[in-house]
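Inspection log for the structure reproduced underneath, given as structure tokens.
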Amino acid sequence: MGINVGYFVKESVTNFRRNWVMSLGAVITIYLSLLLVGVSMVTGYVISEVVRSVEDKVSIQIFLKDGAATEDVEELQAWLLRDELVEAVNYVSKEEALERFKEEMAGSSEIVDNIRENPLPASLDVTLTDPRQVEEMAERIKANETFLKVCDRPDDPEESLKYGQQIVNRLFAFTRVIRIIGVVFIAMLAVVSLIFINNTIRLAIYARRKEIGIMRLVGASNWFIRAPFLLEGVIQSLIGAALAILTVLAIQAAILPRLAEALPFLPVDITGSAMVQLGVVLVFAGVLIGLIGSGFALRRYLKV
Amino acid sequence: MISMRGVEKYYTPDAPALADVNVEIEAGEFVFLVGHSGSGKSTFIRLLQRELLPTRGQIVVAGQDIVRLKNWKVPYLRRNIGCVFQDFKLLPNKTAYENVAFALEVIGRSKHVIRTQVPEVLRLVGLEDKIGSYPDELSGGEQQRVSIARAFVNRPPILLADEPTGNLDPATSLGIMSLFNRINKTGTTVLVATHDREMVDSMRKRVIALEGGHIIRDQHRGVYGYGD
């Protein structure tokens, strides 16, 4: 028994044409929900790139007092490296600190010129394996005795440490909110698309109830009867997904270069593999919505 | 070929549509099912098609216990049962040929099979000239012939007909009945539910009479037999 694929495609296309207003509604809602998925994926991608670049800059600086014993500094350094939260420790001498300062302040020469003796302390720059653990690590350092011996301000250990905890926290809070809003919107649009597909398939079933009755009568198998309707839902979703992908590409082409121009210090570029991933996700999400929506309609309206 | 034992069907709990039905129909028999409206004829037919499940009892059709039959196997049961109805159930946008071919298409028959069997069965029902006509270009009798051709094109061992002549005049009805007779002669078991007294009396086949959901008479070479 050869199943005729051409038959299913022909039937689905006929249904689509017969009910094109409803089908268009389904396509548009799927398109919008997938577009939102796409845009939030791109936004999420850009934000996480930004967060990563900021995170790279998050390190703990331990300021050392002038004349701290070298062996004590080395001991602290060794202790830090033994900690699993620490990725690297970098010693910055007073001279290096001054060099850096001069470089950063190159624009305001009067400040640089007025420096007679070096006011800057030497420091240890601690890079962490996970930037979110920065607070935890700072606490550990403050409790270390060697640290208290060598730090710049033994009377106030807090002042001898510098880290960008607040920036990181704020960024994480921001991305979390964005993510939640995105998920809620996408869920709502997905529900609307399901309802639309459900309705188009219901109309298609109604328009074809005579054929369906005869198919059942002469013994067409259940899947043979269902397949064109499932396929119709999937075709609608695929069209929606294709439009969404094209729109995301257009947005990327139109907006990202300007964004990159406006924010030159942030990495807002999207790699090709991320775009491929995006396309795959959208197509899969579309097919899933199509199958669930039409499957639901079939369960409710098509008694086989 | 058809066996019903202790079959009962209740739509509402107080009044049975069918009760205590015990029937054996052998392969190759021609049986009339007669009775007033509401006597249970249609329920009888729909139980055999497994459109309905009985409230109680056992039904065996073409060797299969259709009460226990799994849902996904029902289509395969129906390929063994041709069905003809009072309202023909033809698709208006398809020609006579396409209507018959549709029945083979949707059970996955090859184009070759369709091209040979459809003209043959249309010749059998006497419509070789009307192959390209749409249902609204055909008379009632011709439309019913198309629907019989569709029911028979797959050569099922059983043919069920529910009031097949209900919409037709007596002369046309006679032609339809003789067509059933010819189909029966090929070895097909034929069960016809009907009101048509003249028809039943003239054919002298087995008659099962229903009243209020009970079989009140089961008679070989019988007549319609109600005094109304």
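Only the coordinates and a few stated rules stand behind these numbers; no lab work does. Owing to the predicted nature of the structure, the values given are computational and were not obtained by experimental measurement. No Cβ is skipped: glycine too gets one built from the backbone with ideal geometry, and neighbour counts run over all protein chains shown.
When we screen B:K130, B:K185, B:K205 for residues that are more than 14 Å from chain A (Cβ to nearest Cβ), surrounded by fewer than 16 Cβ atoms within 10 Å (Cβ to Cβ) and on the phi < 0 side of the Ramachandran plot, the only hit is B:K185.
Condition check ((1) on the phi < 0 side of the Ramachandran plot; (2) assigned to a helix (DSSP H, G or I); (3) surrounded by 16 or more Cβ atoms within 10 Å (Cβ to Cβ)) across all residues:
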| position | (1), (2), (3) |
| --- | --- |
| A:V112 | yes, yes, no |
| A:N118 | yes, no, no |
| A:L124 | yes, no, yes |
| A:R132 | yes, yes, no |
| A:E136 | yes, yes, no |
| A:F147 | yes, yes, yes |
| A:F174 | yes, yes, no |
| A:A190 | yes, yes, yes |
| A:F196 | yes, yes, yes |
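If you filter the range B:64-74 down to residues that are more than 10 Å from chain A (Cβ to nearest Cβ) and not polar (S, T, N, Q), you find that the one that is surrounded by the fewest Cβ atoms within 10 Å (Cβ to Cβ) is B:K70.
Filtering the range B:49-63 to residues that are within 13 Å of chain A (Cβ to nearest Cβ) and either more than 18 Å from B:V21 (Cβ to Cβ) or assigned to a helix (DSSP H, G or I) (or both) leaves B:Q49, B:A62.
Okay, residues lined up against (1) surrounded by 17 or more Cβ atoms within 10 Å (Cβ to Cβ); (2) basic (K, R); (3) touching a residue at least 12 places away in the same chain (Cβ under 8 Å):
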| position | (1), (2), (3) |
| --- | --- |
| A:I212 | yes, no, yes |
| A:R216 | yes, yes, yes |
| A:E232 | yes, no, yes |
| A:I235 | yes, no, yes |
| A:A244 | yes, no, yes |
| A:R258 | no, yes, no |
| A:A274 | no, no, yes |
| A:Q277 | no, no, no |
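Which residues, counting only those in the range B:75-105, are within 8 Å of chain A (Cβ to nearest Cβ), touching a Ser or Thr at 6+ places or on another chain (Cβ under 7 Å) and not in a loop (DSSP other than H, G, I, E, B)? Within the range B:75-105, just B:P75 meets the criteria. Against the conditions (1) of a type in the set (V, I, T); (2) within 14 Å of chain B (Cβ to nearest Cβ); (3) surrounded by fewer than 21 Cβ atoms within 10 Å (Cβ to Cβ), A:V183 satisfies every one except (2). The set of residues in the range B:123-167 being of a type in the set (F, W, Y), closer than 14 Å to B:L91 by Cα and not in a loop (DSSP other than H, G, I, E, B) is empty.
Among the numbered conditions (1) crowded, with 22+ Cβ neighbours inside 10 Å; (2) within 12 Å of the chain's Cα centre (by Cα); (3) of a type outside the set (G, A, S), the only one that B:R145 does not meet is (2).
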